[in-house]
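Please treat every number below as a calculation from the coordinates, not as lab data. All of these numbers come straight from a predicted model, not from anything done at the bench. Here Cβ is always computed from backbone atoms with ideal geometry, including for glycine, and neighbour counts include all displayed protein chains.
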Amino acid sequence: MGAKWQKIDIEIPDGIDPKDRAKLADDIIEFIVDRTKKGYDKHNSKFPKYSKEYIASLDFKIAGKSKSRIDLTLSGDMLAALKVIKTTDGKITIGFDKGSDENARADGNIRGTYGAPSPNRSKARDFLGIKDADLERIVSEYVSETGPE
């Protein structure tokens, strides 16, 4: 089975103009990337540790990875490819280009497949999303108490 298209719809208040929606979407992506680079998933929980087998592998050593720093940035390409797919009144969709190598990498991390035919939740590092409190803080820069600015 191939990689699933990794994208997420994020509900935002209605009435934010298209230019501000685009900026808001970029701010959300920046938040997700920064949080991921710090080693936290979409629930602000630390990513699962690497398996002992993986740490002992030649791939791990060649990549120069750290046992304690899990940040999904081996090359940086995957997180750099996270983008706005579309925005509409009340909704922002972010994710990866369908069928791209970066989408496949994201899928492996998010579902914990890493090339295996089925997901492994104990290995999953689901970074694609944002907690309501974090979203509200970012959205508050674009919406006043009386509505969109």
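Overview of results
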read-out	value
Cβ-derived FRET efficiency at R0 35 Å, GLU30 paired with SER118, nearest 0.05	0.60
Computed [θ] at 222 nm, helices only, for the chain once each DSSP H run of length n ≥ 4 contributes -39500 (n - 2.57)	-10000 deg cm²/dmol
Reachable lysines from LYS23, criterion Cα separation under 28 angstrom, eight or more residues apart if same chain	LYS4, LYS7, LYS37, LYS38, LYS42, LYS46, LYS83, LYS86, LYS91, LYS98, LYS131
Structure-derived P(r) over Cα pairs in 5 Å bins from 0, in percent - corresponding label in (1) 1, 8, 12, 16, 17, 18, 15, 8, 4, 1, 0, 0; (2) 2, 9, 18, 20, 18, 13, 8, 6, 3, 2, 1, 0; (3) 2, 10, 22, 26, 23, 14, 3, 0	(2)
Within-14-Å neighbourhood charge of PHE127 [Cβ basis; K, R +1; D, E -1]	+3
Segment 92-131 shape via C-alpha gyration tensor axes, a/c threshold 1.5	oblate
